[in-house]
1. Do we have Val140 as touching a helix residue (DSSP H, G or I) at 6+ places or on another chain (Cβ under 6 Å) and either buried (at least 20 other Cβ atoms within 10 Å of the Cβ) or modelled with pLDDT under 80 (or both) here?
2. Of the residues Ala39, Ala46, which is without any contact (Cβ under 8 Å) to a residue 12 or more places away in the chain, under 30 Å from Leu18 (Cα atoms) and not β-branched (Val, Ile, Thr)?
3. Checking the condition aliphatic (A, V, I, L, M), under 30 Å from Arg118 (Cα atoms), surrounded by fewer than 18 Cβ atoms within 10 Å (Cβ to Cβ) and modelled with pLDDT under 75, which residue from Ala167, Ala241, Ala234 passes?
4. Considering Glu151, Glu115, which residue is over 25 Å from Ala197 (Cβ atoms), assigned to a helix (DSSP H, G or I) and modelled with pLDDT of 75 or more?
5. How many of the residues in region 193-231 are in a strand (DSSP E or B) and surrounded by fewer than 20 Cβ atoms within 10 Å (Cβ to Cβ)?
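The values are calculated or read from the model by the stated rules, or taken from the named source; none is laboratory data. None of the values given here were measured: they were computed from a predicted structure. Cβ sites come from the backbone with ideal geometry, for glycine too, and all protein chains shown count toward neighbours.
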Amino acid sequence: MEIDWTTFVLEVINFLVLVWILRRYLYRPVLNTLAARKAGIERVLAEAKEAEERASALKDQFEGRLADWEEEKAAARASLETALALERERQMEALAEALAAERERTAAQEAHRQEALRRELAAAAGAQARRFARALLGRVAGRETEARLVELFVEELGALPEERLDALRAGQNGHARGVFATAFPLPQALRARLAAAVEARLGMHGEFDFVEDSALLAGVRLSLGAWQLDFSVAGELGAFAESGSLGG
């Protein structure tokens, strides 16, 4: 087989021309289109990556803000619970103080009522006891009792302290006469006995008046000006009543 070199050369030339035409008018535009598409794809990918990065940053920022909000919410809840606990404690203390004050007021009122009732009962019992004692002593008192009480008066006068005697001396106020009051008339001997005892203890010299006062029941009451020295049954009952009321 013989090769037609002319034909072969022409085919080669035709092929090269075809390649040049394809390269110039088909392959290069395709390459440009592919390059443009590649650049577009790369640009889209870059934009997508940038959007993804922005989205990730926003997500991180949102999660950070969400965590901060949770912390703030927990802190606010803790603060509210603390404030509520303090307010509850304050209210409980105020309630306890009010209850204690009310109990004290009630106890004071009850104590006052009990004290008033006790005083009333004591006063009634004392009055009844005085009436009984006055009635009993009024029945048993007599001249013999009076003589014995005169001796008791002399003994008590001798036992008085000096400061009490000074007050009795000052009570004369320039009066030279003292007054003895008794429930029964005294014989002269008992009158002299009383006058001598007073003159000896008080250092006063003068005359004494003797009067009768049945309200004394028995005993002796000496009056020196504004001062009195009472050793009578009525005086003792009065002192008993007064001490009972004061002691209550």
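1. no
2. Values: Ala46 fails: under 30 Å from Leu18 (Cα atoms).
Unique residue meeting the criteria: Ala39.
3. Values: Ala167 fails: under 30 Å from Arg118 (Cα atoms); Ala234 fails: surrounded by fewer than 18 Cβ atoms within 10 Å (Cβ to Cβ).
Selected residue: Ala241, the only one of Ala167, Ala241, Ala234 that is aliphatic (A, V, I, L, M), under 30 Å from Arg118 (Cα atoms), surrounded by fewer than 18 Cβ atoms within 10 Å (Cβ to Cβ) and modelled with pLDDT under 75.
4. Checking each option against the conditions leaves just Glu115.
5. The initial filter retains those residues of region 193-231 that are in a strand (DSSP E or B), namely 208-212, 219-224, 227-231.
Then keep just the ones that are surrounded by fewer than 20 Cβ atoms within 10 Å (Cβ to Cβ); that gives 208-212, 223, 227-228, 230.
So the answer is 9.
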